[in-house]
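Novice: Below is the structure I would like to discuss, written out as structure tokens.
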Amino acid sequence: MSDDKELDEIQAIFFEECVEGLGTAEEGLTALANGEASPDVIAGVFRAVHSIKGGAGAFGHNALLTFSHAFENVLDKIRAGDIATTPEIGQQMLSAFDVLSDHVSAAMGRCDVPDDGPVLSGLNALLDAEGAAPAVPAGGTEKIEEPPAETTGEADEFGFTPVAIDLDDLSGLGSDPLVLDGDDDDSDEPWVITFKPSRAAMENGAEPLLVIRELERMGARVTQADYSALPPLRELEPEQGYISWSLTLDSMIERSELDECFDFVAPDSLIEYHHNRRAPVAAEVEVVQEAEAAADVPAQDASAAQGEASTDENNKAPIKMAAVPAAPAPPPPPVGEAKVADVASQTIRIDVTRLDMLLNLVGELVIRNSILNDRLAVEDQERVELPQLGRLTREIQDNVMTLRAQPIRQAFSRVPRIVRELCGATQKQVNLEVQGETTEVDKSVIEKIGEPLTHMIRNAIDHGLESAEEREAAGKDPVGTVLLSAEQKGARIVIRVSDDGRGIDRARVRQKAIDKEIISEEDQLSDEDIDNLICAPGFSTAETISNISGRGVGMDVVRTNVEALGGRIEISSTPGEGTSFTMVLPLTLAILDGMIVRIDGQRYVVPLSHVIESIRPEKGQVKAISPGSEVIDLRGSYVPVRRVSDLFGISANDRRSPEESLVIIAESDTAGCIGLMVDAIDDRRELVIKSLDQNLYPINGLSGATILGDGSIALILDIDALVSTASASGSRFTLKGMAA
Amino acid sequence: MSKLILTVDDSASMRMLLKVSLTAQGYAIEGAEDGRQGLERMQELAPDLLITDINMPHMDGFELIEEVRARPEFRGTPILVLSTEFSDEKKSRARETGATGWITKPFDAEKLGAAIRRVCP
């Protein structure tokens with residue numbers, strides 16, 4: 001059919017659709033479990049699972065196919081109202097959904113095929129209880145699950161099979177194609193075939209001529225064309241079947257092949273075939289012939305063939321023919337109104353790498369723009385309309401950024417399942433509330449917050465919430481609540497996981513930290529500091545390491561991950577009332593609003609989101625408290641001051657006095673403020689971040705680099721890392737990786 | 001000139017799979033992602049054959065077939081349903097609505113080609 005690479009690409013798209021479909025399904029089923037699913041929602045779930053099933057079949061994922069089939073059958077019953085939409089059913093479907101998503105993961109090769117036995121039986125039990133459709137599909141999927149029955153064979157690939165299926169009871173249309181004898185298939189006698197297409201088949205666009213051609217391709221010969229029923233031309237209805245054909249065909253042809261041939265003209269056409277040794281039974285089956293007024297359409301080629309066969313209008317007796325006359329070429333397809341596809345598509349799928357390339361190019365454009373800005377005098381800028389170009393460039397940039405924005409729902413979609421699993425594992429009752437899932441963030445952020453988010457949820461349920469008994473004893477609702485929310489604040493997104501559990505036991509956390517030698521007995525810590533210990537490396541408060549949140553991956557990893565994204569974690573807790581973990585992340589990882597500062601002739605960028613204020617210190621405002629350690633008196637409170645040149649070990653030739661410098665007060669996300677002493681502030685710009693990891697290697701204290709308007713490179717300071725290093729004992733960075 | 005087939009399916013992967021399979025057999029393929037768009041594309045392209053899914057948002061396959069058949073210029077255009085559904089009920093409904101034939105997914109490219117040849121010269 002096509003080369004494997006092409007198929008792989010299509011399959012990758014199918015998997016994307018699966019993930020989307022699973023999201024839709026989970027949302028709908030959750031609504032169902034909460035007793036608030038509308039028919040539209042159920043229909044949406046059905047469609048989603050249906051598509052997964054379709055693709056599973058196409059790409060040969062049989063386990064997924066079988067399971068999604070059973071799942072879909074139950075959904076169909078729910079949709080039809082045969083299965084009541086009770087919360088219990090919703091819960092059962094959600095459990096089954098989890099297995100379905102495991103099947104999808106298995107199809108993607110991410111895990112082993114799950115054991116779906118019990119859940120599958122549960123689904124089938126639902127169907128059986130309703131006297132519903134067979135659990136094993138009887139159609140095209142049959143051949144995957146069990147070998148097809150011999151007599152129906154390949155014809156099952158197609159729907160209007162002229163044997164075995166009694167369609168007419170259902171449709172009330174015409175009659176079944178007549179199969180005279182099913183036992184004579186092995187006969188050596190040639191097939192004798194009689195065929196008279198019905199009006200219904202013709203109206204549906206079936207083409208008798210093509211059926212006959214196909215039979216001829218198989219070796220059939222037309223022995224007779226009976227057009228005795230053909231009316232005079234003026235009375236001829238193009239969509240009426242007037243002619244019946246008789247054909248003979250070699251006995252070697254399988255019945256199933258014949259079935260297939262007649263597939264689309266069945267079942268209300270007259271079709272019979274049998275081996276020659278028996279006398280054919282007279283065809284008594286009447287074709288439905290409604291006397292409707294002829295439609296005002298040009299004669300179709302089907303009737304053209306009929307017309308040609310009846311050149312002699314008076315000769316209505318059956319005649320022997322060697323073959324049907326060749327039909328004239330079909331008329332050109334009717335040309336509809338030439339309509340411009342104004343609503344061709346509402347969504348387009350684009351490979352992310354292409355978007356990234358575009359983003360990169362726009363970044364370059366921004367840089368070129370600032371280069372022009374720097375090099376041209378103001379009047380020249382006006383003359384070449386540079387300001388307009390700049391505005392346009394920024395607009396393009398904004399637009400490209402929105403292309404990459406996606407609702408955070410995608411990252412949130414796995415949370416309900418995690419909660420369900422944890423409820424089962426911990427025997428706790430949890431009500432999950434989700435807010436702000438339509439908040440849009442950059443795709444790169446969505447991709448990377450999944451793991452930290454999972455851990456925060458696990459932490460909230462496993463450590464935060466109490467058992468139902470404990471909660472009742474404390475006079476709380478036995479069902480704990482976990483609130484997951486997202487909101488945009490400026491250029492940042494704030495994702496919060498809060499629980500109404502017991503809160504952080506600070507005494508215990510402190511003791512644990514002392515035991516683990518993270519802090520010493522003498523350390524005086526604020527409540528906030530103690531809370532933050534949870535994120536300290538090597539810390540775990542669970543007395544026995546549970547298999548839920550104590551998998552050796554602690555909150556410290558979460559913090560590291562979040563910080564790597566340029567974000568931070570905030571913890572707040574009230575004993576007895578609950579804890580909330582807040583992730584604050586940049587909306588995008590590619591553009592940064594930055595303050596360009598100068599230090600020892602070099603330019604650096606301080607991310608504007610961290611900057612609180614900049615101060616020209618008065619004499620005595622900056623005080624040395626120990627060698628190499630200074631603080632600034634900021635309206636009564638002291639903030640440590642660092643010279644960036646010291647931090648990076650750059651020897652400054654002319655060490656300025658504080659009064660000649662500027663101090664930028666920057667707030668770290670986790671560890672308070674720092675004053676950065678710089679020589680001057682040059683500018684404030686939107687900058688395109690170039691990753692150091694990709695081009696060099698990660699350097700502690702720097703989050704990236706950017707190209708400035710004059711084409712020179714400036715390093716972007718990582719304020720969080722600077723602050724934590726500044727407060728740690730060794731207040732200087734070493735350039736890791738230089739040796740490598 | 002190669003025959004033009006319009007494939008209507010809400011799944012992009014299914015549309016691509018059809019396109020790849022049928023382009024290899026010499027057909028020109030256009031796609032639409034739901035019934036509503038399918039109807040627009042029908043009027044715009046007047047294809048030689050319509051292949052449509054049943055379960056789609058906005059306008060499902062049945063409605064699409066009905067709409068297409070209601071237009072005189074498409075009275076003779078063959079329509080194949082390509083669906084994972086296989087219930088007799090659905091099939092008869094499709095036939096009553098005006099479908100020429102029904103093919104059950106997953107489809108085999110060769111058989112699909114043979115089926116097309118039986119409805120589209």
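Novice: I'd like to verify a number: residues in region B:74-89 that are surrounded by 20 or more Cβ atoms within 10 Å (Cβ to Cβ) and free of Cβ contacts under 8 Å to residues at least 40 places away in the same chain, how many?
Specialist: Adding up the residues that qualify gives 11.
Novice: Is it the case, given these coordinates, that A:Lys77 is closer than 17 Å to A:Ala96 by Cβ, more than 8 Å from chain B (Cβ to nearest Cβ) and either not in a loop (DSSP other than H, G, I, E, B) or not aromatic (Phe, Trp, Tyr) (or both)?
Specialist: Answer is yes for this residue.
Novice: Go through (1) under 20 Å from B:Phe86 (Cα atoms); (2) crowded, with 17+ Cβ neighbours inside 10 Å; (3) modelled with pLDDT under 85 for A:Pro114 and report which single condition fails.
Specialist: (1)
Novice: Shifting gears a bit: Would you mention how many residues in region A:624-654 are basic (Lys, Arg) and surrounded by 14 or more Cβ atoms within 10 Å (Cβ to Cβ)?
Specialist: Total satisfying the criteria: 2.
Novice: Would you point out which residue out of A:Gly44, A:Gly60, A:Gly35 is part of a helix (DSSP H, G or I) and either in contact with a Ser or Thr (Cβ under 8 Å, 6 or more places away or on another chain) or free of Cβ contacts under 8 Å to residues at least 40 places away in the same chain (or both)?
Specialist: Result: A:Gly44 is the single residue among A:Gly44, A:Gly60, A:Gly35 that is part of a helix (DSSP H, G or I) and either in contact with a Ser or Thr (Cβ under 8 Å, 6 or more places away or on another chain) or free of Cβ contacts under 8 Å to residues at least 40 places away in the same chain (or both).
Novice: Right, next: What residue, of A:Asp82, A:Asp102, A:Asp76, is within 19 Å of the chain's Cα centre (by Cα) and surrounded by fewer than 24 Cβ atoms within 10 Å (Cβ to Cβ)?
Specialist: After applying the criteria, what remains is A:Asp102.
Novice: To continue, here is another question. For region A:575-650, please list each of the strands (runs of 3 or more DSSP E) lying entirely inside it that holds at least 3 residues being among the hydroxyl-bearing types (Ser, Thr, Tyr) and assigned by TED's automatic domain parsing to the domain that holds A:Leu533.
Specialist: The strands (runs of 3 or more DSSP E) meeting that bar are A:578-586.
Novice: Related question: How many residues are touching a Gly at 6+ places or on another chain (Cβ under 9 Å) and touching a residue at least 12 places away in the same chain (Cβ under 8 Å) if we restrict to region B:38-48?
Specialist: 6
Novice: Out of B:Asp48, B:Asp88, B:Asp53, report the one residue that is out of contact with any helix residue (DSSP H, G or I) (no Cβ under 8 Å at 6 or more places or on another chain) and either facing chain A (nearest Cβ under 7 Å) or among the acidic types (Asp, Glu) (or both).
Specialist: B:Asp48
Novice: Hey, another quick one. Going by the structure shown, is A:Glu36 of a type in the set (Asp, Glu), more than 30 Å from B:Leu22 (Cβ to Cβ) and outside the structural domain of A:Arg417 (by TED's automatic domain parsing)?
Specialist: For A:Glu36, the condition - of a type in the set (Asp, Glu), more than 30 Å from B:Leu22 (Cβ to Cβ) and outside the structural domain of A:Arg417 (by TED's automatic domain parsing) - is met.
Novice: Restricting the first residue to region B:100-121 and requiring it to be facing chain A (nearest Cβ under 7 Å), which pairs with a second residue that is hydroxyl-bearing (Ser, Thr, Tyr) and in a helix (DSSP H, G or I) meet a Cβ separation below 6 Å and a spacing of at least six or different chains?
Specialist: Once the first residue is facing chain A (nearest Cβ under 7 Å) and sits in region B:100-121, its partners that are hydroxyl-bearing (Ser, Thr, Tyr) and in a helix (DSSP H, G or I) give B:Ala109/B:Ser21.
One line per residue, one yes/no per condition, for (1) part of a strand (DSSP E or B); (2) without any contact (Cβ under 8 Å) to a residue 40 or more places away in the chain:
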| site | (1), (2) |
| --- | --- |
| A:Arg394 | no, no |
| A:Leu422 | no, no |
| A:Lys428 | no, no |
| A:Glu472 | no, yes |
| A:Leu483 | yes, no |
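Novice: Go through region B:1-111 and tell me which strands (runs of 3 or more DSSP E), entirely inside it, have 3 or more residues that are of a type outside the set (Val, Ile, Thr).
Specialist: Here the list reads B:28-32, B:79-83.
Novice: Filtering region A:711-740 down to residues that are within 15 Å of A:Tyr604 (Cβ to Cβ) and in a loop (DSSP other than H, G, I, E, B), which residue is modelled with the lowest pLDDT?
Specialist: Checked region A:711-740; the qualifying residue modelled with the lowest pLDDT is A:Phe733.
Novice: If you don't mind, another one. Taking A:Lys448, is it modelled with pLDDT under 85, buried (at least 16 other Cβ atoms within 10 Å of the Cβ) and of a type in the set (D, E, K, R)?
Specialist: Yes.
The values are calculated or read from the model by the stated rules, or taken from the named source; none is laboratory data. Bear in mind the structure is a predicted one, so any value in this text is a computation, not a measurement. As a convention, Cβ positions derive from the backbone with ideal geometry for all residues, glycine included, and neighbour counts pool all protein chains shown.
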